[in-house]
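Asks: Once you've had a glance at the structure underneath, I'll fire off some questions.
The values are calculated or read from the model by the stated rules, or taken from the named source; none is laboratory data. Please read these numbers as outputs of a predicted model, since none were measured by experiment. When we count neighbours, we look across all protein chains shown, and the Cβ atoms used for this are built from the backbone with ideal geometry, even at glycine.
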Amino acid sequence: MPEPGPGEVLVRVKAALTCGTDAKIARRGHPKFPFPLTLGHEWAGVVERAGAGAAWEPGTRVTSAVSAPCGACPACAAGRENLCATAFETPLFGAFADYLLVPERIAKRGLRRVPDGMSDEAAALLDPLASVVRALKRVGSARGGDVLVTGTGPIAAMLFFLLRGKDEGIDAPGRIVVVGRRPERLAFFEANGAEVARVHSMEQALGAGALPLFTFEENPPSSPRVARPTRSGVTERAGARSFSLVVDTTGDPGVIAALPGLTADGGTVLLFAGLPEGAHVAVEAHAVHYREVSVIGSFHYTPREVDETLALLSTDALPVGGIVSARRPLAEWEAAFALAKDGTALKVALVP
Ligand SMILES: [Zn+2]
Ligand SMILES: [Zn+2]
């Protein structure tokens with residue numbers, strides 16, 4: 001059991017969630033987070049002991065952001081703490097364990113008290129959901145039209161549920177279409193009211209400018225959404241450029257390259273998933289200029305968004321049981337990651 005130094009907080013982990021990021025680090029390592037490293041960064045727990053100067057009472061239920069912006073650099077001063085160059089100097093990993101030591105800087109800026117009545121699973125969603133909350137702020141009113149989400153993972157699911165919900169001053173979206181390969185995942189989206197497009201190969205399907213279930217056809221520019229689909233037929237019709245918002249959660253350059261072609265005039269393509277350093281994506285410049293399609297990104301979140309997300313998790317905006325759909329003892333971590341990988345579960349809560 002680690003001993004908390006000055007400013008540090010020792011937490012007894014109650015639940016930690018599987019995440020593709022952990023799986024990726026385990027598989028190929030990470031330049032910023034060298035081994036040996038205990039993985040696990042989405043968690044909820046209870047303060048066991050606080051080091052000198054850390055104002056946390058033992059027994060307090062807590063969860064946390066994984067970063068700690070400095071609060072003083074130009075990015076932080078501009079309210080873009082997600083871009084703070086030192087926010088990840090002491091990232092918070094190690095939740096796949098009985099006890100987790102929270103570094104001083106994160107104890108000061110990232111750690112949050114879990115509101116009464118919130119489950120451990122819900123509280124553990126703070127980190128991924130905060131990224132989604134920021135992403136939706138980045139797209140503004142583009143979310144008010146038809147929306148396409150590529151990919152069927154937990155991020156796509158959280159995006160879907162937040163998009164479906166109401167947001168002040170923004171129109172409810174028209175259709176929300178989710179495109180992906182995994183039948184179990186697509187069934188989950190469908191059961192929750194999404195329209196789904198099943199494809200065998202994302203790149204191939206999108207690159208050809210058509211999804212199997214959607215026959216895209218040119219619409220007059222003045223009425224980009226005239227061809228509304230009927231939900232009954234096997235083949236539905238939608239405008240080739242009908243989506244005011246397209247969100248990519250795949251991080252696949254081949255998929256991303258096809259997205260401006262699916263986006264409505266004046267619409268937005270949001271790159272949610274991160275690509276490796278040096279990755280390039282070919283974007284049709286004609287769409288960017290003549291049709292004013294914006295291609296933007298969204299990275300991580302700010303402390304403000306962490307607080308907003310915690311408030312959001314206190315509402316019923318997100319069906320937490322649908323996202324964190326299984327629970328396993330920590331010793332069965334390998335089986336838990338297999339469940340998440342094969343599409344049986346979106347996220348699995350590991351319990352020490
Ligand atoms: Zn994660
Ligand atoms: Zn900073």
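Asks: Could you list, in sequence order, all residues of the stretch 57-72 that are in contact with a Gly (Cβ under 6 Å, 6 or more places away or on another chain), within 16 Å of ligand 1 (Cβ to nearest atom) and either more than 15 Å from L126 (Cβ to Cβ) or part of a loop (DSSP other than H, G, I, E, B) (or both)?
Replies: Answer for the stretch 57-72, where residues must be in contact with a Gly (Cβ under 6 Å, 6 or more places away or on another chain), within 16 Å of ligand 1 (Cβ to nearest atom) and either more than 15 Å from L126 (Cβ to Cβ) or part of a loop (DSSP other than H, G, I, E, B) (or both): just A65.
Asks: Sticking with this one: Is it the case that the stretch 14-24 has a residue that's surrounded by 12 or more Cβ atoms within 10 Å (Cβ to Cβ), in a loop (DSSP other than H, G, I, E, B) and within 16 Å of ligand 2 (Cβ to nearest atom)?
Replies: Scanning the stretch 14-24, I find no residue that is surrounded by 12 or more Cβ atoms within 10 Å (Cβ to Cβ), in a loop (DSSP other than H, G, I, E, B) and within 16 Å of ligand 2 (Cβ to nearest atom), so the answer is no.
Asks: Also, I was wondering about something else. Check off (1) over 27 Å from G343 (Cα atoms); (2) surrounded by 21 or more Cβ atoms within 10 Å (Cβ to Cβ); (3) out of contact with any Asp or Glu (no Cβ under 6 Å at 6 or more places or on another chain); (4) of a type in the set (A, V, I, L, M, F, W, C) for L10 and give me the number that stays unchecked.
Replies: (3)
Asks: Let me ask you something else. If I ask for residues that are touching a residue at least 40 places away in the same chain (Cβ under 8 Å), within 13 Å of ligand 1 (Cβ to nearest atom) and charged (D, E, K, R), which ones from the stretch 20-35 would you list?
Replies: Answer for the stretch 20-35, where residues must be touching a residue at least 40 places away in the same chain (Cβ under 8 Å), within 13 Å of ligand 1 (Cβ to nearest atom) and charged (D, E, K, R): just D22.
Asks: Could you please find all residues in the stretch 72-93 being at pLDDT 95 or above and surrounded by 15 or more Cβ atoms within 10 Å (Cβ to Cβ)?
Replies: C73, A75, C76, E81, N82, L83, C84
Asks: Follow-up. For residues that are in a loop (DSSP other than H, G, I, E, B) and near ligand 2 (Cβ under 6 Å from one of its atoms), scanning just the stretch 73-85, find the one that is farthest from I106 (Cα to Cα).
Replies: Taking the candidates together, the pick is C73.
Asks: Being assigned to a loop (DSSP other than H, G, I, E, B), under 28 Å from the mean Cα position of the chain (by Cα) and either within 15 Å of ligand 1 (Cβ to nearest atom) or within 27 Å of V324 (Cβ to Cβ) (or both) is the filter here; which residues of the stretch 36-56 pass it?
Replies: Across the stretch 36-56, the qualifying residues are L37, T38, L39, G40, H41, E42.
Asks: L17: at pLDDT 90 or above, within 16 Å of ligand 1 (Cβ to nearest atom) and within 24 Å of E277 (Cβ to Cβ), yes or no?
Replies: no
Asks: Against the condition among the charged types (D, E, K, R), under 11 Å from the mean Cα position of the chain (by Cα) and at pLDDT 95 or above, how does D120 come out, does it pass?
Replies: no
Asks: Right, next: Go through the stretch 240-352 and tell me which strands (runs of 3 or more DSSP E), entirely inside it, have 1 or more residues that are charged (D, E, K, R), surrounded by fewer than 19 Cβ atoms within 10 Å (Cβ to Cβ) and in contact with a Lys or Arg (Cβ under 9 Å, 6 or more places away or on another chain).
Replies: Once the strands (runs of 3 or more DSSP E) in the stretch 240-352 are filtered for at least 1 residues that are charged (D, E, K, R), surrounded by fewer than 19 Cβ atoms within 10 Å (Cβ to Cβ) and in contact with a Lys or Arg (Cβ under 9 Å, 6 or more places away or on another chain), what remains is 263-271.
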